[in-house]
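Down below is the structure, laid out as structure tokens.
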Amino acid sequence: YNCSPCNKSFLTAAHLKKHFLIHTGEKPHKCTQCNFATNDASHLRNHIMEHTGEKPHKCNQCDFASIGSDTLKRHKRTHSGEKPHRCTMCEFSSITTGQLKVHMMRKHTGEKPNKCNQCNYTCASSGNLQQHMRTHTGEKPFKCNECNKTYKHKQDLTKHSHIHMTSD
């Protein structure tokens with residue numbers, strides 16, 4: 001079974017029909033709880049788990065659980081140390097393609113696509129921009145459970161939390 005727009009071949013008519021939705025833009029699988037729609041029934045099943053909180057894919061080495069098996073597979077690399085995404089310009093390797101992309105921008109291209117809308121600050125990663133924005137907003141989202149002191153950065157809370165540890 002061949003797809004006429006792109007010449008891709010499929011073993012069954014059902015697979016061709018599912019694939020063809022890419023070309024039509026049709027998204028017949030719709031969420032009843034929000035306006036999410038997709039052309040793939042399995043994507044809808046995963047999406048519905050976001051509403052229910054169900055996370056069927058569980059790590060056998062820690063408490064991590066996820067909706068998708070791909071997310072669990074990436075997580076397991078934190079335990080194994082596997083870093084399959086390798087930089088072509090240096091020895092860097094990473095767990096995810098996103099980490100490799102940020103590395104390439106920071107170290108090799110110099111591109112800084114994330115720009116602050118309140119000052120001239122620019123950076124390679126959206127996470128760094130989010131942290132920077134706290135200098136303007138004063139937001140301190142990291143709170144100590146012991147004394148309620150708040151911090152702009154998670155690492156500052158981690159450093160602080162050591163003062164509450166007692167030795168036996």
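Some observations on this one:
- Spacing of the two label points (7 Å from each Cα toward its C-beta) at CYS144 and THR96, in nm: 3.0
- Taking every DSSP helix (H) stretch of at least 4 residues in the chain, weighting each as -39,500 (n - 2.57) and dividing the sum by the residue count yields a mean residue ellipticity at 222 nm of -11000 deg cm²/dmol.
- Between SER69, SER42, SER94, the Gaussian network model of the chain with springs among Cα atoms under 10 angstrom shows the greatest mean-square fluctuation at SER42.
- Counting every alpha-carbon pair across the chain, the share separated by more than 19 Å comes to 77%.
- A straight Cα-to-Cα reach below 17 Å connects LYS140 with the lysines LYS149, LYS152, LYS154, LYS159, residues fewer than 8 places away in its own chain not being considered.
- Positive end of the dipole of the chain (Cβ unit charges, origin at the Cα centre): among ALA124, CYS3, HIS108, the Cα lying farthest that way belongs to HIS108.
- Amide H within-cut-off set for LYS140, under 5 Å, with H built and near neighbours excluded: none
- Short-range pairs are left out: with C-alpha atoms under 8 Å and at least six residues apart, the relative contact order of the chain is 7 percent.
- Total charge dipole magnitude, the chain, about the Cα centre, Cβ charges on Lys, Arg, Asp, Glu only, Debye to nearest 20: 300
- Here the accessible area of the stretch 68-168 is 47 percent carbon and sulfur, with a 1.4 angstrom probe and all protein chains present.
- Unit charges at the beta carbon, dipole of the chain: most positive-side option, HIS43, SER94, GLY53: SER94
- Whole-Å distance, taken between Cα centres, linking the stretch 125-168 and the stretch 35-56: 33
- Between 0 and 90 degrees, the angle of helix 41-52 with respect to the longest Cα principal axis of the chain falls at about 30 degrees.
The values are calculated or read from the model by the stated rules, or taken from the named source; none is laboratory data. If you're wondering where the values come from, they're calculated on a predicted model, not measured in any experiment. Backbone-built Cβ (ideal geometry, glycine too); neighbour counts: all protein chains shown. Heavy atoms of the whole protein, side chains included, go into the accessibility calculation; ligands, DNA and RNA do not. Shrake-Rupley method; radii C 1.70, N 1.55, O 1.52, S 1.80 Å.
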